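Scroll down for the structure; my scribbles are underneath it.
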Amino acid sequence: MVLPIGEIQEKTLAKLRYQEVAERLQALVASGQLQPGDKIPPERTLAKTFRVSRNCVREAVRALAEKGVLESRQGNGTYVCASDAAQLAADFAEAFGAQRGRLRDIMELRRVVEPGIAALAAARATLDDVNALKVLVFDQQRLAAQNEDDAHLDAEFHLTLARITGNKPLMSMITALHDTLSESRSDYLRTSRRKSCSTAFHLRIIDALEARDAQAARHAMDEHLQTIEADLFGPE
C-alpha cells in the first residue's frame, strides 16, 4: 500500500520531533542540569515544555533509555542513570555539537526568510500595524529592564511582521515553523546584551516600516540576525 504524501510527511515530522526532544533532554543531562539519580519531570510537563505531544515525549524517553541515559522504573517514573566521567563528557560533546549544529541551521533559515518578510511588511504596513509593533517593543524593553524573559514578545514581533505582509501561505509557513524558530530564542541563549540589541534593531525595523523603505527594513533585519549569530557562535 502506498501512503499519501501528507501522511508520509506527518510521520517524518513526528520522527524528527522525538529526536529533537531526545537531544534536548540529553543536553540537560550532559550539562548537569539533570543529575544522575534525578527523576525527570512527568510526560505531561515535558510535553508542555517542549510543545510536543505526550507520544513524542514517550518516544524520546524510550530512545534515551535504550542508550542508557535514562531508566524507567515501573510505577515510579523515569530517572537519570549514573554515568562515569568519560561517558558524561562524551554525552556532553555529542549533545552540545548537535544543539550547536541545529541552531546554525535555524539561523540560516531565518536569514533566508526574515529579511524578505521585513521588506514586504514595509511596503504594506498600516499606521495601526506600526503602532502594534511599537507596543510590543515597549513591553519588550520593560521586561528586559526587569531582567525577565521577553522571548515571547520577541517571537510575537517577528510573527506580526509576517502577518503584516498579508501573504497567507507565508504566514502559514512561519506559524508552522514557530516552535522551531523559537529554539534560537531560548531564555538561556538570551544574554542582557542580546536583549538590548534585539529591541534596538526592532526599533530600526519599525522606522523603516514607517518610512515605507523596503530596502532599509531588509537591511535592518539581516543585520539583526547577523548580530544574533555573532552572539550565539562568536567570531568565525
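Rule-based calculations on the coordinates, nothing more; no lab input. Bear in mind the structure is a predicted one, so any value in this text is a computation, not a measurement. FYI the Cβ positions are ideal-geometry reconstructions off the backbone, even for glycines, and counts take in every protein chain you see.
In terms of its C-alpha gyration tensor, region 133-179 has an oblate overall shape, because the principal axis ratio a/c (a ≥ b ≥ c, square roots of the eigenvalues) is not below 1.5 and a/b does not outweigh b/c. Exposure proxy for Glu148, Glu71: other Cβ atoms within 10 Å of each Cβ, ordered fewest to most, give Glu148, Glu71.
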